[in-house]
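Since the structure comes first, as structure tokens, the remarks are kept for the end.
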Amino acid sequence: MSALLEVRGATKSFGGLQALDDCSFVVEEGSIAGLIGPNGSGKTTMFNVITGYERADAGSVLLQGNAITNQAPGRICSLGIGRTFQLTRVFSRLTLMENLQVGRAGVPRARRQELYSEARCLELLDFVGLAAMARVSAGTLSYGQRKLVELAMVLAQDPRVVLLDEPAGGINPLLITQIGERIRELNRRGVTFLVVEHNMEFVMGLCDVVWVMERGTVIAHGEPEQVRSDPRVLDAYLGGSLDEDEDENENEDEQEEAAR
Ligand code: ADP
Ligand code: MG
């Protein structure tokens with residue numbers, strides 16, 4: 001395996017707050033990698049730096065060995081890096097089909113027809129189990145279903161690597177299982193994943209390798225079983241058990257409220 005995505009020494013501060021502090025890791029091509037860590041450890045900031053939503057103060061991001069550091073989000077997306085957001089960015093007033101098709105604006109003209117045809121968008125909605133709702137406005141969906149729409153929106157771009165920010169956060173167990181299955185299926189078709197997630201059962205069951213962040217940097221990594229029993233990791237979670245969900249994700253309604 002070779003590194004598809006690599007972060008070297010990423011550093012980012014917001015005023016006096018050091019959100020990323022010389023943080024480095026690699027994501028092997030064809031793998032499903034996890035990125036975990038306590039709240040505020042810098043996971044979302046890392047996604048923002050990789051995808052160009054935040055500028056790194058120092059360090060570099062490489063895609064197949066080529067530096068893509070601090071390029072515009074649209075450019076990074078066109079290089080094959082897709083992402084979802086911790087709180088979904090689905091448009092409530094648009095139908096699911098329209099939600100998928102708004103993404104075409106960011107795609108080079110030559111690929112628009114191929115990627116954003118009705119047939120392909122329907123196929124993607126079918127893939128996430130929502131084809132029957134293609135003409136329904138997204139505002140009627142549950143929070144979990146919106147996450148699935150967002151996954152379909154990312155897939156429409158035909159990415160090589162997908163960054164998922166808390167795909168299981170605040171959604172019901174049945175949908176969590178479904179999202180896990182969809183990720184595995186895409187991975188079998190060659191898509192590489194980097195997944196931020198608080199649900200330990202989900203992340204440990206899904207990922208080949210898990211990277212652990214604390215205070216803006218990586219403190220451990222390895223196979224799920226290794227990471228689970230690593231004293232540094234248990235320490236980072238304040239001696240708590242890794243099997244306990246963090247309470248912020250337990251209430252679906254609160255998340256739903258926050259997402260508006
Ligand atoms: P995580 O996703 O691991 O919970 P974040 O990357 O969201 O962590 O946040 C890391 C730290 O950076 C937190 O202390 C957070 O409050 C801070 N932070 C993140 N984004 C901003 C921002 N745009 N402005 C100021 N502080 C931020
Ligand atoms: Mg976050």
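The values are calculated or read from the model by the stated rules, or taken from the named source; none is laboratory data. Computed from a prediction, not measured in an experiment: that's the story for all the values here. Positions of Cβ are backbone-derived with ideal geometry, glycine not excepted, and every protein chain shown enters the neighbour counts. Heads up: the accessible areas ignore ligands, DNA and RNA and are worked out on the full protein's heavy atoms, side chains in. Shrake-Rupley method; radii C 1.70, N 1.55, O 1.52, S 1.80 Å.
Values computed for the structure shown
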{"item": "Hits in the stretch 70-93 - residues which are of a type outside the set (A, V, I, L, M), crowded, with 19+ Cβ neighbours inside 10 Å and more than 15 Å from ligand 1 (Cβ to nearest atom)", "result": "Cys77, Gly82, Thr88"}
{"item": "Which numbered condition Trp211 misses (of (1) over 30 Å from Leu125 (Cβ atoms); (2) open to solvent by 10 Å² or more (accessible area, probe 1.4 Å); (3) not in a strand (DSSP E or B))", "result": "(3)"}
{"item": "Single match in Phe47, Phe91 (criterion: touching a Phe, Trp or Tyr at 6+ places or on another chain (Cβ under 9 Å) and of a type in the set (A, V, I, L, M, F, W, C))", "result": "Phe47"}
{"item": "Within the stretch 13-66, tally of residues that are within 15 Å of ligand 1 (Cβ to nearest atom) and acidic (Asp, Glu)", "result": "4"}
{"item": "The stretch 112-141, residues that are at negative phi, in contact (Cβ under 8 Å) with a residue 40 or more places away in the chain and either surrounded by fewer than 17 Cβ atoms within 10 Å (Cβ to Cβ) or over 22 Å from the mean Cα position of the chain (by Cα) (or both)", "result": "Phe127, Arg135, Val136, Ser137, Gly139"}
{"item": "Qualifying residue in the stretch 160-171 (condition: among the charged types (D, E, K, R) and within 16 Å of ligand 1 (Cβ to nearest atom))", "result": "yes"}
{"item": "Test: residue in the stretch 33-56 that is away from ligand 2 (no atom under 13 Å from the Cβ), in a loop (DSSP other than H, G, I, E, B) and out of contact with any Cys (no Cβ under 9 Å at 6 or more places or on another chain)", "result": "yes"}
{"item": "Residue ID - least open to solvent (accessible area, probe 1.4 Å), chosen from residues in the stretch 8-24 that are within 16 Å of ligand 2 (Cβ to nearest atom) and in contact with a Leu (Cβ under 8 Å, 6 or more places away or on another chain)", "result": "Ala10"}
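Quick grid of which residues meet (1) within 27 Å of Glu185 (Cα to Cα); (2) not in a loop (DSSP other than H, G, I, E, B); (3) not acidic (Asp, Glu):
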residue	(1), (2), (3)
Gly82	yes, yes, yes
Phe85	yes, no, yes
Val102	yes, yes, yes
Ala110	no, yes, yes
Gln113	yes, yes, yes
Cys121	yes, yes, yes
Leu125	yes, yes, yes
Arg135	yes, no, yes
